[in-house]
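Enquirer: Sharing a structure below in C-alpha cells format, with a few things to ask.
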Amino acid sequence: MRKLAAGNWKMNGTAAALAEIAALNARYDSAPVDILICPPATLLSRASDTAGPAIATGGQDCHAAHSGAHTGDIAPDMLKDAGASYVILGHSERRTDHGETDATVRVKTVSALNTGLTPVVCVGETEAERDAGQTLDVIRSQLAGSLPDGLDGAQIVVAYEPVWAIGTGRVPTHDQIEEVHNLMRAELVARFGDSAAETRLLYGGSVKPGNAAEIFALSNVDGALVGGASLKADDFAGIIDALAQA
Ligand code: PGA
C-alpha cells in the first residue's frame, strides 16, 4: 500500500497560493508516498495544472448528483474535469456547518466512486463524546453509516479526525490514535473482507512536522490529513518526508 500525505486547504488560498504547489513540485518529481492537495474549488483547475506528476489534487466536498439545479454546489464530475482524482467527504466542518449526516456522506461516496474519484471519508468524535467514553461507538457508527456496501477497500481512504484536535494544536495520545485506527481496520475487514487491508487510514488533527514521525510510527496509520500545516510547502514537506521515512 502506498502511504498518503493529504493536504486540506479548507477556505484558504487565492492564486498566490499556487506558488506553494510549485515549491512542492520542485522538491518532489517523484515521491515514495502519494501526495494530495485539496485546494478550494476556485483554485482546483489551476492547482491541477500547476501540480507536477508526484502531486494529485482533490475536492473538499461534492454534491451527490452528477448535474442539475443545485445552486452553488459542485458535482463530482466537475471536480474530475478540473483535474481532481480524490474528494474529501464528511469532514467534521461539513457535518457541523452544513448538517451533513452519515447518510449524506454515503450517497456522496457512491457518487464519487461512480465518477472515478477516490473518496477520503472522514470520521471523528467530539470532545463531549470522548469525555463520555463514546469514542469507539461513534467511530463504529459513522463508519457503518458513511460507507456504502460492497466496497473494495483499496478504492477508499478513511481519515480519523477527532473534532477536538482539528486546528487546536491538541493531539490524542498515541494509545488513543492506535485504539481508533486498529478498530477502524477491524471494522473495515469485517465488512469488506481482505481488501480492507489496502484501505489507507489517515490520522488528522494538528499534524505538524514536529509530531508527524511519532504519529506515522503507530499501527494502522497510513498517512495524514493535514489542514493548517499543508498551507506552506516547507511545513507540508516536513510531514511528507516523515511519512516517507516511516
Ligand atoms: P488541522 O486540520 O491539521 O489544521 O488540525 C486537519 C483537518 O481538518 O483536516
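Enquirer: For segment 79-184, report the translational diffusion coefficient in µm²/s to the nearest whole number, using Stokes-Einstein at 20 °C, 1.002 mPa s, and a Kirkwood Rh over Cα pairs.
Expert: 149
Enquirer: Pop a pseudo-label 7 angstrom from the Cα along the beta-carbon direction at both Ala26 and Met11 and give the gap in nm to one decimal.
Expert: My value for the distance between the label points is 3.2 nm.
Enquirer: Here's another thing I want to ask about it. For the charge dipole of segment 138-228, defined by +1 on Lys and Arg C-beta atoms and -1 on Asp and Glu C-beta atoms about the Cα centroid, which residue among Ser195, Ser141, Asn211 has the Cα displaced farthest towards the positive pole?
Expert: Toward the positive end, the furthest listed residue is Asn211.
Enquirer: Only helical DSSP H runs with n ≥ 4 go in: add -39500 (n - 2.57) per run for the chain, normalise by residue count and round the 222 nm mean residue ellipticity to 500 deg cm²/dmol.
Expert: -12500 deg cm²/dmol
Enquirer: Given points 7 Å out from each Cα along the Cα-Cβ axis, report the Gln134 to Gln155 separation in nanometres with one decimal.
Expert: Placing both labels 7 Å beyond Cα along the Cβ direction yields 3.1 nm.
Enquirer: Run the paramagnetic zone check for Thr168: 7 angstrom along Cα to Cβ, then residues of segment 116-135 with backbone nitrogen under 17 Å.
Expert: It comes to 123-135, nothing else.
Enquirer: To the nearest 20 debye, what is the magnitude of the charge dipole of segment 2-74 about its Cα centre, counting +1 on the Cβ of each Lys and Arg and -1 on the Cβ of each Asp and Glu?
Expert: Around 160 debye, computed over segment 2-74.
Enquirer: Kirkwood Rh over alpha-carbon pairs of segment 187-246, then Stokes-Einstein at 20 °C and 1.002 mPa s: what D in µm² s⁻¹, rounded to an integer?
Expert: Reported coefficient: 176 µm²/s.
Enquirer: Another one. For segment 4-245, what is the Kirkwood hydrodynamic radius in Å, using each pair of distinct C-alpha atoms?
Expert: One decimal place: 17.7 Å for the Kirkwood radius.
Enquirer: So how strong a dipole does segment 126-186 carry about its Cα centre when Lys and Arg Cβ are +1 and Asp and Glu Cβ are -1, to the nearest 20 debye?
Expert: For segment 126-186, the charge dipole is close to 80 debye.
Enquirer: To continue, here is another question. I want to verify the translational diffusion coefficient of segment 1-134 in µm²/s; compute it with Stokes-Einstein, Rh as the Kirkwood radius over Cα pairs, at 10 °C and 1.306 mPa s.
Expert: Rounded, D is 102 µm²/s.
Enquirer: Select from Ala6, Pro53, Thr168 the residue farthest towards the positive end of the dipole of the chain; place +1 on Cβ of Lys and Arg, -1 on Cβ of Asp and Glu, and compute about the Cα centre.
Expert: Checking the options against the dipole of the chain, the answer is Pro53.
Enquirer: Against the globular-protein guess of 2.2 N^0.38 Å, express the Cα radius of gyration of segment 23-75 as a ratio, rounded to two decimals.
Expert: 1.38
Enquirer: Just to confirm my numbers, what's the Cα centroid distance between segment 113-130 and segment 192-245 in Å?
Expert: 15
Enquirer: Something else about it: Provide the gained length on full extension for the span His98 to Arg2, in nm with one decimal, where the gain is 0.36 nm per separating residue minus the Cα-Cα distance.
Expert: Extra length available between His98 and Arg2 comes to 31.3 nm.
Enquirer: Quick check for me: using +1 on Lys/Arg Cβ and -1 on Asp/Glu Cβ, what's the dipole size of segment 43-202 about its Cα centre, in debye to the nearest 20?
Expert: That gives a dipole near 300 debye.
Enquirer: When the chain is modelled as a GNM with alpha-carbon springs shorter than 10 Å, which of Gln60, Gln176, Gln155 fluctuates the most?
Expert: Most flexible of the set in this elastic network: Gln176.
Enquirer: Related question: In a Debye calculation with equal point scatterers on the alpha-carbon sites of segment 127-226 and no solvent, what is log10 I(q)/I(0) at q = 0.24 Å⁻¹?
Expert: Debye curve over Cα of segment 127-226, log10 I(q)/I(0) at q = 0.24 Å⁻¹: -1.35.
Enquirer: Stretch Asn114-Asp49 to full length: gain in nm at 0.36 nm per residue minus the Cα-Cα span?
Expert: Computed gain between Asn114 and Asp49 is 21.0 nm.
Throughout, read-outs are computed from the coordinates displayed, never taken from laboratory work. Computed from a predicted model, the values in this text were never measured in an experiment. Glycine also receives a Cβ, built like all others from the backbone with ideal geometry; neighbour counts cover every protein chain displayed.
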